[in-house]
Amino acid sequence: MRRIDPNRFHVATRRTSRHINRQIALTLIGSHQPISRAELARRMKMRRGAIGRLVEELLAERHIVEGHTGQIARGRKPTLLFINTEKGSSVAVDIRASRTYLMLADAMGQPRSEIVTLATTPDPLRFAKALAAAIRRLVAVHAGTARACQGIGVVVPGMVDPGTGLILHAPTLGWRNVDLKSRLSAATGLDVHIENSGRACALAQMWEARNLASPPRNLVFISVSDGVGVGVIVDGELLRGRHNIAGEFAHMPVSLDGPRCSCGAVGCWEAHISNLATLRRYSERAPGARIRAGKPFTIDDVIVRARSGDSKATATLQATARYLGIGLGGIVNIINPDAIFIGGEIATAWDLVGTTVRTALEGRALTPAAASTDVVIVSAEDHPRLRGAAMLVAAPAFAAPVVA
């Protein structure tokens with residue numbers, strides 16, 4: 001039961017119910033497409049005449065399109081409805097400490113271009129100029145195949161002010177109070193949406209799970225890369241907290257005398273499980289082993305070496321796995337989610353580390369039920385951070401309006 005806040009509420013108007021029904025219809029079409037008008041009416045428990053008017057309105061605004069006809073035993077064959085993925089496109093941007101990744105996405109957040117990259121420079125002004133130029137090139141290259149760009153979705157490894165888009169603190173980037181949003185918007189002429197990478201991934205995962213028979217309403221997404229991003233969904237809503245830092249489990253302490261974290265504290269979970277932490281651990285175990293013909297040494301190289309029998313690489317990954325499982329146990333006890341989703345390069349080594357992670361989680365969980373919480377691996381090939389960035393632009397069209 002949710003109490004109405006007497007100091008913060010939205011009064012319903014004559015248009016409120018119609019607006020809600022529009023969003024429900026769009027969501028159901030996106031979740032069950034292709035779908036007929038009759039099936040949509042059945043799912044929404046509305047009369048066909050009312051659904052017909054709603055569908056015509058969505059067709060006129062090009063939110064949806066009609067496709068092929070369905071098959072029925074008798075009577076007129078229904079014309080099936082689809083979300084119009086050609087209505088517009090967006091640019092998805094994933095900023096990491098070492099490199100930044102970009103792609104073009106359709107109106108549903110699905111990839112519509114190859115992924116391009118550029119170096120992430122520590123100077124925000126120089127980086128904003130380079131990123132804006134890369135975005136303009138990407139849009140120009142696909143101008144003939146992509147529809148008008150609706151905006152730019154950017155995910156960053158740090159805390160963001162949800163009202164202004166100001167990057168308050170991105171430890172691995174060394175940024176504080178950086179207004180990337182205004183600079184990108186001015187340089188490209190496009191609307192810019194900026195969010196913490198973990199939260200954006202959680203948002204995208206919630207949207208991806210819409211087709212499941214019982215989609216999770218409580219989930220945690222953990223993105224392990226140069227840093228660690230965590231997004232929490234509680235009862236279908238993104239958890240933010242008073243100052244928009246709720247769910248920053250990456251900076252919960254798991255040791256009192258551990259390595260120093262990028263945030264400046266000692267012993268944070270991120271300082272034990274991030275890609276950079278894993279690389280540092282391997283360097284300590286195997287001094288001088290990080291050599292690869294002049295190319296940067298990455299966690300992928302550690303995983304390859306572990307698969308080839310390098311005992312120090314194996315021990316390194318097992319240490320990361322134990323700390324990962326310890327943190328997951330804490331998250332399970334605090335949030336009690338339906339499922340935990342994990343993305344990042346460590347996911348490619350799950351056959352090597354999964355058992356260790358599960359054992360550590362079970363050792364910390366308070367009940368047998370909590371210990372059995374599903375841990376779902378999201379393939380790196382799905383590019384969850386870029387999907388999350390794309391959904392920052394796409395998702396508002398399907399969002400439920402706030403009433404009361």
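The values are calculated or read from the model by the stated rules, or taken from the named source; none is laboratory data. Being a predicted model, the structure only gives us computed values, none of them experimental. Backbone-built Cβ (ideal geometry, glycine too); neighbour counts: all protein chains shown.
Of all residues in the stretch 250-273, those satisfying the criterion of being in contact with a strand residue (DSSP E or B) (Cβ under 9 Å, 6 or more places away or on another chain) and buried (at least 23 other Cβ atoms within 10 Å of the Cβ) are Ala250, Cys261, Ser262, Cys268, Trp269, Glu270, Ala271, Ile273. Where helices (runs of 4 or more DSSP H) sit wholly within the stretch 124-209, those with at least 3 residues that are closer than 27 Å to Ser31 by Cβ and in contact (Cβ under 8 Å) with a residue 40 or more places away in the chain occupy 197-208.
Screening Gly67 against (1) surrounded by 14 or more Cβ atoms within 10 Å (Cβ to Cβ); (2) in contact with a Phe, Trp or Tyr (Cβ under 6 Å, 6 or more places away or on another chain); (3) assigned by TED's automatic domain parsing to the domain that holds Gly30 leaves a single unmet condition, (1). Taken over the stretch 239-249, the residue count meeting the criterion of being in a helix (DSSP H, G or I) and surrounded by fewer than 16 Cβ atoms within 10 Å (Cβ to Cβ) is 0.
When you look at Arg387, is it basic (Lys, Arg), closer than 20 Å to Ile95 by Cα, surrounded by 15 or more Cβ atoms within 10 Å (Cβ to Cβ) and touching a residue at least 12 places away in the same chain (Cβ under 8 Å), yes or no? Yes, satisfied.
Against the conditions (1) closer than 30 Å to Ala119 by Cβ; (2) small (Gly, Ala, Ser); (3) exposed (fewer than 15 other Cβ atoms within 10 Å of the Cβ), Gly236 satisfies every one except (1). Residues in the stretch 15-36 that are closer than 16 Å to Ala50 by Cα and out of contact with any strand residue (DSSP E or B) (no Cβ under 9 Å at 6 or more places or on another chain): Arg15, Thr16, Ser17, Arg18, His19, Ile20, Asn21, Arg22, Gln23, Ile24. Between Arg99, Arg53, the distinction of being assigned by TED's automatic domain parsing to the domain that holds Pro124 and surrounded by fewer than 18 Cβ atoms within 10 Å (Cβ to Cβ) belongs to Arg99 only. Touching a Cys at 6+ places or on another chain (Cβ under 6 Å), touching a residue at least 24 places away in the same chain (Cβ under 8 Å) and farther than 17 Å from Val160 by Cα: is that true of Cys268 in this structure? No; evaluated as a whole, the condition is false for this residue. Residues that are closer than 26 Å to Ile222 by Cβ and touching a Lys or Arg at 6+ places or on another chain (Cβ under 9 Å) within the stretch 186-197 comprise Val192, His193, Ile194, Ser197, listed in sequence order.
A count restricted to the stretch 297-318 and to residues that are touching a residue at least 40 places away in the same chain (Cβ under 8 Å) and surrounded by fewer than 20 Cβ atoms within 10 Å (Cβ to Cβ) stands at 3.
In the stretch 34-57, is there at least one residue being in contact (Cβ under 8 Å) with a residue 60 or more places away in the chain and on the phi < 0 side of the Ramachandran plot?
There is no residue in the stretch 34-57 that is in contact (Cβ under 8 Å) with a residue 60 or more places away in the chain and on the phi < 0 side of the Ramachandran plot.
Screening Arg22, Arg96, Arg47 for residues that are basic (Lys, Arg) and under 17 Å from Ala394 (Cα atoms) leaves exactly one candidate, Arg22.
With respect to the numbered conditions (1) in a helix (DSSP H, G or I); (2) surrounded by fewer than 22 Cβ atoms within 10 Å (Cβ to Cβ); (3) within 21 Å of the chain's Cα centre (by Cα), which one is the sole condition not fulfilled by Leu392? Of everything listed in (1) in a helix (DSSP H, G or I); (2) surrounded by fewer than 22 Cβ atoms within 10 Å (Cβ to Cβ); (3) within 21 Å of the chain's Cα centre (by Cα), Leu392 misses just condition (2).
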